[in-house]
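Visitor: Got a structure for you, written out below as structure tokens; questions coming shortly.
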Amino acid sequence: MSRRDFVRNAMVSGAALAFPAIIPARVLGKDAPSNRIHIAQIGCGRIGLTMDVPGFLRAKGARVVAACDLDSRRLENMRGFIAKKQGEKSADTIFGARDFHDILSRADIDAVSISTPDHWHAQIAIEAAFAGKHVYMQKPASLTIREGRLFADAIAETGRTFLLGSQQRSWEHFQKACAFVREGRLGKIKSIEVGLPGDPGGGSTEKMPVPKCLDYGFWLGSTPEVFYTEDRVHSQDADLKKAINSRPGWLRCEQFGAGMITGWGSHHLDIVHWAMGWEKIGPKYIEGKGQFHTGGLWDVHGDYDITLTYADGTPVRVWDKFPNGVRFVGEKGWIFVSRGAVKVSASDPVSPGKPLKALDASDPALIAGKPSVVLYANAVTKPGDHHQNLIDSIKAKVPSEVPAETAHRSCSACLLSWIGMKLGRRLEWDWQKERFVNDAEADAMLERTERAPYGAKRAYERLSKKVRG
């Protein structure tokens, strides 16, 4: 298929499973009785259904008006879910599309929520920004560091509001922990410990017929063309609720992501960056080792041990043997922050043994009272509701709690860890140039070949030229 054919087909494929009349908030004006930001949900699986759509349904000043998925079962289920929760008489009131371009072409949609597999994040975010949409996107920000840079540049170039789904930033105890560290309660930070889970091996390699409900070729996107098997994508159990709530196999395939180092690392390394003021930089040195599964379909890492050293000499050890959370160790003691016993989704891992305290310290005085440090210069959302922050930031025209550059840098630290695990030797990183120092082999791992006609690079090069004239 030629690029011209792809673009033309993208505008008509799946065309309008429904086409309700949606009036955008920006057309009605600020005094209109229904002055809401209209959201389209792209990706109707486990995270979209259990986290992101419910989040926007709760948000004041928002309305979910459309849904998109390459699996028609999931799409129709989501349309019904949204309609029911919003008190609509029929799912026909919710616009549905198989192709996300049909969402982006609509002028009556203000923002998109991207809850797709990782390999689609950056491309859809780039295309959405150039289509004039604000963007909420699940972590991790990208599949590679190069496409992460393109996505962050696209957001900056278009001036769209962006929020990453790093919801820990909206939780009050994470805010307190980071503020206490910045305040200097621990004195000089000597080391930081980050505990993340790993993933098991396995997965069936049996070739299977592609389900009629799934556009598998499109689903593969920019990644290599490979045969379909259910464990490579997501469950097709006859019980749709069970199918959607189960953890999808693509999370354990390196073709579509890097495993838990980005899956949970994006959360915890973001907290490290936030507390230490490293949101726009990156580590200087990376040393790591990891065990990668073989013999089955799932090939992401299992056990691992990585140390990221930043320019001020602070080492950040990321190890699967640490409790799931972040421990800041300073001259005056330590502060540990985690999700405690809270599970955001049914498949969230919880550390074995005694339940962790969400906020703990070597001395209770280290976490007592209110911090004096203000983390958000333009705070527009009270702690507790991450999705609300996108709506508030759009309306107030201020940066969100996790803007694009911040998202890119935390994801980069995760991907650098993955490269360190793969190469198993000390690497030096130039965070300003975003390349390794005198290491062509490591530099080659900063990007992947994109299968035509898909890819973040193709999308950016095509659309940024239009903007620049």
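The values are calculated or read from the model by the stated rules, or taken from the named source; none is laboratory data. Keep in mind that this is a model prediction, so the values were computed, not measured. As a convention, Cβ positions derive from the backbone with ideal geometry for all residues, glycine included, and neighbour counts pool all protein chains shown.
Rundown of residues vs (1) over 20 Å from the mean Cα position of the chain (by Cα); (2) of a type in the set (A, V, I, L, M); (3) over 25 Å from Ile145 (Cα atoms), yes/no style:
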site: Asn378; (1), (2), (3): yes, no, yes
site: Asp392; (1), (2), (3): no, no, yes
site: Val398; (1), (2), (3): yes, yes, yes
site: Asn438; (1), (2), (3): yes, no, no
site: Glu461; (1), (2), (3): yes, no, no
site: Ser464; (1), (2), (3): yes, no, no
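Visitor: How about the range 101-120: which of its residues are within 20 Å of Pro54 (Cα to Cα) and out of contact with any His (no Cβ under 9 Å at 6 or more places or on another chain)?
Guide: Narrowing the range 101-120 to residues within 20 Å of Pro54 (Cα to Cα): 103, 109-117.
Passing the criteria: Ile103, Ser115, Thr116.
Visitor: Another question about this same structure. Would you point out the residue of the range 107-144, among those that are among the small types (Gly, Ala, Ser) and assigned to a strand (DSSP E or B), that is farthest from Ser266 (Cα to Cα)?
Guide: So the first thing to find is which residues in the range 107-144 are among the small types (Gly, Ala, Ser), and the list is 107, 111, 113, 115, 122, 125, 128-129, 131-132, 141-142.
With assigned to a strand (DSSP E or B) added as a condition, the list becomes 111, 113.
Details: Ala111: 23, Ser113: 18 Å.
Taking the candidates together, the pick is Ala111.
Visitor: Just the residues that are of a type outside the set (Asp, Glu), more than 15 Å from the chain's Cα centre (by Cα) and not in a loop (DSSP other than H, G, I, E, B), please, taken from the range 156-169.
Guide: Within the range 156-169, Ala156, Thr158 meet the criteria.
Visitor: Suppose we keep only residues that are surrounded by fewer than 18 Cβ atoms within 10 Å (Cβ to Cβ) and not in a loop (DSSP other than H, G, I, E, B) within the range 424-436. Which one would you say is farthest from the chain's Cα centre (by Cα)?
Guide: Filtering the range 424-436 for residues that are surrounded by fewer than 18 Cβ atoms within 10 Å (Cβ to Cβ) and not in a loop (DSSP other than H, G, I, E, B), the one farthest from the chain's Cα centre (by Cα) comes out as Glu428.
Visitor: A further question on this structure: In this structure, does Ile155 turn out to be more than 18 Å from Ile39 (Cα to Cα), β-branched (Val, Ile, Thr), at pLDDT 95 or above and buried (at least 22 other Cβ atoms within 10 Å of the Cβ)?
Guide: Details: more than 18 Å from Ile39 (Cα to Cα): no; β-branched (Val, Ile, Thr): yes; at pLDDT 95 or above: yes; buried (at least 22 other Cβ atoms within 10 Å of the Cβ): yes.
It is false that Ile155 is more than 18 Å from Ile39 (Cα to Cα), β-branched (Val, Ile, Thr), at pLDDT 95 or above and buried (at least 22 other Cβ atoms within 10 Å of the Cβ).
Visitor: Sort through Gly259, Gly295, Gly263, Gly302 and tell me the only one that's crowded, with 23+ Cβ neighbours inside 10 Å, small (Gly, Ala, Ser) and either farther than 14 Å from Val316 by Cα or in contact (Cβ under 8 Å) with a residue 60 or more places away in the chain (or both).
Guide: On the way: Gly295 fails: crowded, with 23+ Cβ neighbours inside 10 Å; Gly263 fails: crowded, with 23+ Cβ neighbours inside 10 Å; Gly302 fails: crowded, with 23+ Cβ neighbours inside 10 Å.
Checking each option against the conditions leaves just Gly259.
Visitor: Name, by its number, the condition in (1) among the charged types (D, E, K, R); (2) crowded, with 18+ Cβ neighbours inside 10 Å; (3) part of a helix (DSSP H, G or I) that does not hold for Arg185.
Guide: (3)
Visitor: What are the pairs, 6+ residues apart or on separate chains, where a residue within the range 238-249 that is part of a helix (DSSP H, G or I) has its Cβ under 7 Å from a residue that is among the basic types (Lys, Arg) and crowded, with 16+ Cβ neighbours inside 10 Å?
Guide: The qualifying pairs are Leu240/Arg73; Ile244/Arg46; Ile244/Arg74; Asn245/Arg46; Gly249/Arg232.
Visitor: Looking at Lys289, Lys280, which is the one that is in a loop (DSSP other than H, G, I, E, B), closer than 23 Å to Val437 by Cβ and either touching a residue at least 12 places away in the same chain (Cβ under 8 Å) or not small (Gly, Ala, Ser) (or both)? If you could, list the steps in order and put the result at the bottom.
Guide: On the way: Lys289 fails: in a loop (DSSP other than H, G, I, E, B).
Answer to the check: Lys280.
Visitor: Just checking, which of Phe130, Phe174 is at pLDDT 95 or above and surrounded by fewer than 24 Cβ atoms within 10 Å (Cβ to Cβ)?
Guide: Phe130
Visitor: Moving on to the next point. Name the single residue that is surrounded by the fewest Cβ atoms within 10 Å (Cβ to Cβ) among those in the range 322-345 being charged (D, E, K, R) and at pLDDT below 95.
Guide: Lys343
Visitor: Could you figure out which of (1) assigned to a strand (DSSP E or B); (2) in contact with a helix residue (DSSP H, G or I) (Cβ under 6 Å, 6 or more places away or on another chain); (3) surrounded by fewer than 24 Cβ atoms within 10 Å (Cβ to Cβ) isn't true of Lys190?
Guide: (2)
Visitor: Go through (1) in contact with a Phe, Trp or Tyr (Cβ under 7 Å, 6 or more places away or on another chain); (2) among the small types (Gly, Ala, Ser); (3) assigned to a helix (DSSP H, G or I) for Ala66 and report which single condition fails.
Guide: Only one criterion in (1) in contact with a Phe, Trp or Tyr (Cβ under 7 Å, 6 or more places away or on another chain); (2) among the small types (Gly, Ala, Ser); (3) assigned to a helix (DSSP H, G or I) is unmet by Ala66, namely (3).
Visitor: Take the range 230-247 and flag every residue that is of a type outside the set (A, V, I, L, M, F, W, C), at pLDDT 95 or above and crowded, with 17+ Cβ neighbours inside 10 Å.
Guide: Glu230, Asp231, Arg232, His234, Ser235, listed by residue number.
Visitor: Kindly provide the set of residues from the range 254-265 that are out of contact with any helix residue (DSSP H, G or I) (no Cβ under 6 Å at 6 or more places or on another chain) and in a loop (DSSP other than H, G, I, E, B), ordered by number. Break it down stepwise before answering.
Guide: Of all residues in the range 254-265, those out of contact with any helix residue (DSSP H, G or I) (no Cβ under 6 Å at 6 or more places or on another chain) come to 254-255, 259-260, 263-264.
The answer is Glu254, Gln255, Gly259, Trp264.
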